[in-house]
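Enquirer: Quick one: this structure, given as structure tokens, is what I'll be asking you about.
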Amino acid sequence: MILNGCNAGIGLAALAGVCERLLVVDDDDSVRRIYATHFTSAGFEVHCAGTLQEAADRLAGNTFDAVIADIALTPEVGSEGLAIAAYLRNHLRHAPPVVVLTAYGSPDRAPAAARLGVDAFLHKPVSLVWLESLLRARIEDRRRGPETEVIAAAS
């Protein structure tokens, strides 16, 4: 699914006809739709993936300004969101900001997320307005220069 909200955006990027490209990776279709609706109305071009393979396919031929990934896309593996972050950090010279979300108490995974350079490791549910603000700030930070520290949500 690809939704383009460039014309609905706010700020200078939207006025210039440029919008941020966001990849949302979550196995729950309703979560993907909610995120896509919110971020499209906020002016993002949103691409969605429900599996690790779909995410790899989207990443193969596209450049994204930010990625939101659920940590667990399958019960068998349960850490695909971290695998996506690792792939981005290891294969892209200028990796986009990555936010990893979890619906489960996963405090043991927060240090792994930090080592991978994840920009934020957050527990669901999360305010979409706050998440949008965080993503915009991280995107702007990347455009300006050196990376900033990881935000880890309290359990």
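Enquirer: Restricting the search to segment 60-81, which residues are among the charged types (D, E, K, R) and surrounded by 12 or more Cβ atoms within 10 Å (Cβ to Cβ)?
Expert: Scanning segment 60-81 gives ASP65, ASP70, GLU80.
Enquirer: So which residues in segment 73-91 are within 15 Å of ARG115 (Cα to Cα) and without any contact (Cβ under 8 Å) to a residue 12 or more places away in the chain?
Expert: ASN90 - this is the single residue of segment 73-91 that is within 15 Å of ARG115 (Cα to Cα) and without any contact (Cβ under 8 Å) to a residue 12 or more places away in the chain.
Enquirer: Could you grab me the full set of residues in segment 82-110 that are surrounded by 15 or more Cβ atoms within 10 Å (Cβ to Cβ) and either within 20 Å of GLY61 (Cα to Cα) or touching a Cys at 6+ places or on another chain (Cβ under 7 Å) (or both)?
Expert: ALA83, ILE84, ALA85, ALA86, TYR87, LEU88, ALA95, PRO96, PRO97, VAL98
Enquirer: Whether any residue in segment 61-75 is at pLDDT below 95, assigned to a helix (DSSP H, G or I) and over 18 Å from VAL126 (Cα atoms) is what I want to check.
Expert: No: zero hits.
Enquirer: Further question on the same structure: Here are VAL118, VAL126: which of them is closer than 15 Å to LEU82 by Cβ, within 14 Å of the chain's Cα centre (by Cα) and of a type outside the set (Asp, Glu)?
Expert: Of the residues listed, the single one that is closer than 15 Å to LEU82 by Cβ, within 14 Å of the chain's Cα centre (by Cα) and of a type outside the set (Asp, Glu) is VAL118.
Enquirer: For segment 111-141, how many residues meet the condition of being among the aliphatic types (A, V, I, L, M), surrounded by 14 or more Cβ atoms within 10 Å (Cβ to Cβ) and assigned to a helix (DSSP H, G or I)?
Expert: 8
The values are calculated or read from the model by the stated rules, or taken from the named source; none is laboratory data. Model, not experiment: these values are computed from the prediction. Backbone-built Cβ (ideal geometry, glycine too); neighbour counts: all protein chains shown.
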